[in-house]
Amino acid sequence: MITFDGVTKRYPDGTVAVDSLNLDIPDGKIMVLVGPSGCGKTTTLRMINRLVEPSAGRVLLDGRDVADANPSRLRRGIGYVIQQTGLFPHRTVEDNIATVPMLTGRKKADARARARELMELVGLDPPTMARRYPHQLSGGQQQRVGVARALAADPPVLLMDEPFSAVDPIVRAALQDELIGLQARLHKTVVLVTHDVEEAIKVGDLVAVFRPGGRLAQVDSPERLLGAPADDYVRDFVGFDRGIRRLSFFRAVSLDLATDSVLPAATTLADAITVGKRAGEPWLLVVGGDRKPLGWAAVADLESGPPDATLAGADLAPVGHTFRPEADSLRAALDATLLSRTERAVGVDDGGQVLGTTSYERLRDAIRAAEEAADRAADPVGGGR
Amino acid sequence: MLRIRLAGDADMQWSWIPQNWSIIWPYTLDNLLLGLVPPLIGLVIALPVGIACVARRWLYPPVLSLSSAIYALPSLALFVVLIAYTGLGNLTVIIPLTLFSLCVLIPNVVDGLRSVSEPVRQAATAMGFTQVRRLVQVELPLAVPVVIAGLRVAVVSSISLASLGQLIGVSSLGYFFIDGLQRDFPTEIYVGLALTILLAVLCDVILVVSRALLTPWARGRRIGPSPRLAWPVAGR
């Protein structure tokens, strides 16, 4: 647990970077500090490992004031990753990663073995990469080395300052996913600074939104931040389509999929028309013998064909987008539905077999139910804020 | 005057070299020593001075002014002044050459240390390096290419300036210039000249090779002599 207790940082010229900050960062969670430039988020981060000393207040690490610790010893127990990586140009990848173990007195061979373990952990191939120098790596690889170096001494706390801001969007997304994956295994207390609210919402268990002048605007889960921004500043900062983005946090498994409009290819046109009319569905999903989707049949078109022919011979519209209710969010289901010509998306299981189909009405009901459940969970007493 | 006389009798007499090997060799060695010792003493002084200048920013401008002023002094004048204190020995040559070396080496040590980027410095601190350890394990190794660039200039200029020492009787390849001129014997001058150049090139090659060995990480990487000069082209 990291606690900021009334922490203020005022520079000699009078600028206040951080203003009476009170913040608890729970163990084993990713806390993202987000805000525009100059809001004090980086200063806040650097006060944890004493790269910056507070002017007032205390920073506690597991109940102990960091100001009482020996700075070098304190820092060896706190991983630190920065945007520009700060890798040592004169050391190979393995020796960069082995830095802190070597500082703490481990033998060179021992530290290098540990470095190779970490390389594998962050997805770098030790035989080909261990002996390279940082300038021989791509931006994404350098950042991976930076993360491995920070983790080398297995510190309980990891500080990350704009760790993914210098790489291109595709690599950034991959690194964010890897961080989430790593965290699921390592359970570090991570404090990550970013100006990118999308990143904050994607990787954070908790997000602290800072406003200019070094004050906290809101600390909440990403889903709450989107669903219940504390004020206009947070609302503007989080962005205009937060309603849609919030859906990322609701699982599509809650969606009630239509199954009566899913028909095997062997069904006759006459039967299909009857089913379609009874269900009130203008589109029927045709599936093969393996329950994999073949395409959509329009009920209106079926009436012109011979009644005893089967759906196998009918003209089918493309399946369009599919999603997996078990793994995907309501946002993915909505997106797949919007993108489909039939205004319906196909829910499939891991094997690609059809589970059912969506419609706008079904999505609307699922979204409403999920939002109500989330609001109840966040506000159990039922009182207004 | 010199040019006219040489033109009349400019032939190189190759046989002179093996016949006089016994004097060529010691003068060459002495010259080499005078070329190497001042830059090395200079380096030993420039390292702490440069480190201090980086740690205390206000120190650097006066140090730089002083060293530029020293660099402007004619070496012969310094020899003459020093004779009164150190006599006609090696020291009278070594002291001025050391001062000249310092003028090149101090700025290079400072630039070398400053070439270490802020993120690298910050990352080192954040990982728990103490100041001394950071200096020894991170900053100085990273300054090596720029420091060696300065060392190359200092060594080459010391080797060439050492011949002036002969004017006050300090043994060096300058002997062959003076003796050749007095005896109107150009072969000696050619030999002295060729050996001076040879020494300079040899030392330079050794320094270049040692830089490559000391900084395998810098291969294929652009290293500027200083941050000011490193990126002359805008918009890389």
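Observations on the model:
- Across the stretch A:335-341, coupling constants 3J(HN,Hα) worked out from phi with the 6.51/-1.76/1.60 Karplus curve, θ = phi - 60°, read 4, 4, 5, 4, 7, 8, 4 Hz, and Gly and Pro carry x.
- Within straight-line cross-link reach of A:LYS277, aspartates and glutamates at Cα separation under 17 Å, skipping those fewer than 8 residues along the same chain: A:ASP260, A:ASP301, A:GLU303
- Annotation: lysines with alpha-carbon distance below 20 angstrom to A:LYS41 (same-chain offsets under eight excluded): A:LYS9, A:LYS29, A:LYS188, A:LYS202.
- Taking the Kirkwood radius as Rh and the Cα radius of gyration as Rg, the stretch A:98-157 has a ratio of Rg/Rh equal to 0.95.
- Beta bridge orientation in the stretch A:253-368: antiparallel %, DSSP, nearest 5: 70
- Residue separation of A:ARG73 and A:ILE180 scaled by 0.36 nm, minus their Cα-Cα distance, works out to 35.7 nm of gained length.
- Efficiency of FRET from Cβ geometry, B:ALA72 and A:GLU53, R₀ 60 Å, rounded to 0.05: 0.85
- Of the chymotrypsin sites (Phe, Trp or Tyr not before Pro) found in the stretch A:255-343, not one falls in a DSSP loop while having at most 12 other beta-carbon atoms within 10 Å.
- For chain A, the relative contact order comes to 15 percent (Cα pairs under 8 Å, sequence separation of at least 6).
- The overall shape of the stretch B:14-215 is prolate: from the C-alpha gyration tensor, with semi-axes ordered a ≥ b ≥ c, the ratio a/c is 1.5 or greater and a/b exceeds b/c.
- Across the stretch A:253-368, C-alpha contacts under 8 Å between residues 6 or more apart give a mean separation that, scaled by the residue count, equals a relative contact order of 28 percent.
- The stretch B:12-44-the stretch B:62-77 distance, computed between alpha-carbon centres (Å): 27
- In nm, spacing of pseudo-spin labels at A:GLU117 and B:VAL44 (7 Å Cα→C-beta vector): 4.6
- The stretch B:117-214: C-alpha gyration tensor shape, a/c 1.5 cut-off, then a/b vs b/c: prolate
- The DSSP beta bridges internal to the protein assembly as shown are antiparallel in roughly 55% of cases.
- Other-chain or far-sequence residues with amide H under 5 Å of A:SER20's (modelled H): A:THR8, A:LYS9
- The stretch A:2-249: C-alpha gyration tensor shape, a/c 1.5 cut-off, then a/b vs b/c: oblate
- In terms of overall dimensions, the C-alpha atoms belonging to the protein assembly as shown reach 125, 63, 44 Å along their principal axes, ordered largest to smallest.
- For the stretch A:83-100, the residues whose amide N sits under 12 Å from a probe point set 7 Å from the Cα of B:SER117 along the beta carbon direction are A:83-90.
- Taking A:HIS135, A:HIS90 and counting other C-beta atoms within 10 Å, the order from fewest to most: A:HIS135, A:HIS90
- Low-density loop positions, chymotrypsin sites (Phe, Trp or Tyr not before Pro), the stretch A:227-282 - DSSP coil, at most 16 other Cβ in 10 Å: A:PHE240
- Average Cα contact separation per residue, chain B, under 8 Å, 6 or more apart, as relative contact order %: 27
- Here is the list for the stretch A:61-169: trypsin sites (Lys or Arg not before Pro) lying in DSSP coil, each with at most 13 other C-beta atoms within 10 angstrom of its C-beta, are A:LYS107, A:ARG131.
Read-outs: derived from the displayed coordinates by stated rules, not from any lab. The structure presented is a predicted model; accordingly, all values stated were derived computationally and were not measured. Note that each Cβ is placed from the backbone with ideal geometry, even for glycine, and that neighbours are counted across all protein chains shown.
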